[in-house]
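The values are calculated or read from the model by the stated rules, or taken from the named source; none is laboratory data. All values reported here derive from a predicted model rather than from experimental measurement. Reconstructed Cβ throughout: ideal geometry from the backbone, glycine too, with neighbour counts over all protein chains shown. Just the protein is used for accessible areas: all its heavy atoms, side chains included, with ligands, DNA and RNA removed. Shrake-Rupley method; radii C 1.70, N 1.55, O 1.52, S 1.80 Å.
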Amino acid sequence: MMGSYYFSKQLADGATLCLAPLTNDQLACSGQEVADPSGYFLYERAGDGQASRVEILAQVFSQEGLDRLRQVFDLT
């Protein structure tokens, strides 16, 4: 089982690319429906608090997938 990891990278437009579990608040900010909220998500976050915008890009369930996305997107 994967532990709790959080990787991110600041983007040129001021948004942040994240690879982490989604909180209920982040899921609500995305406006997207997710059938299974477990695992890790690659998402872009812009803004803070209730004014933030979250766009879910991908969902990852395995440690290998997590490691590969982290490496491909150079997330720390």
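Could you tell me whether segment 42-51 includes any residue that is open to solvent by 30 Å² or more (accessible area, probe 1.4 Å), acidic (Asp, Glu) and either in contact with a His (Cβ under 9 Å, 6 or more places away or on another chain) or not in a loop (DSSP other than H, G, I, E, B) (or both)?
yes
Residue by residue, here is whether (1) touching a Cys at 6+ places or on another chain (Cβ under 9 Å); (2) under 19 Å from LYS9 (Cα atoms); (3) small (Gly, Ala, Ser); (4) open to solvent by 30 Å² or more (accessible area, probe 1.4 Å) holds:
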| position | (1), (2), (3), (4) |
| --- | --- |
| PRO21 | no, yes, no, yes |
| ASP25 | no, no, no, yes |
| ALA28 | no, no, yes, yes |
| GLY31 | no, no, yes, yes |
| ASP36 | no, no, no, yes |
| GLY39 | no, no, yes, no |
| ARG53 | yes, yes, no, yes |
| ASP67 | no, yes, no, yes |
| LEU75 | yes, yes, no, no |
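Is there any pair linking a residue in segment 36-49 that is more than 16 Å from ASN24 (Cβ to Cβ) and free of Cβ contacts under 8 Å to residues at least 40 places away in the same chain to one that is surrounded by 13 or more Cβ atoms within 10 Å (Cβ to Cβ) and among the acidic types (Asp, Glu), with Cβ under 7 Å and at least six apart or on different chains, and which?
GLU44/GLU55
Could you grab me the full set of residues in segment 17-76 that are of a type in the set (S, T, N, Q) and under 18 Å from TYR5 (Cβ atoms)? Break it down stepwise before answering.
Step one: of segment 17-76, the residues of a type in the set (S, T, N, Q) are 23-24, 26, 30, 32, 38, 50, 52, 59, 62-63, 71, 76.
Passing the criteria: THR23, GLN26, SER38, GLN59, SER62, GLN63, GLN71, THR76.
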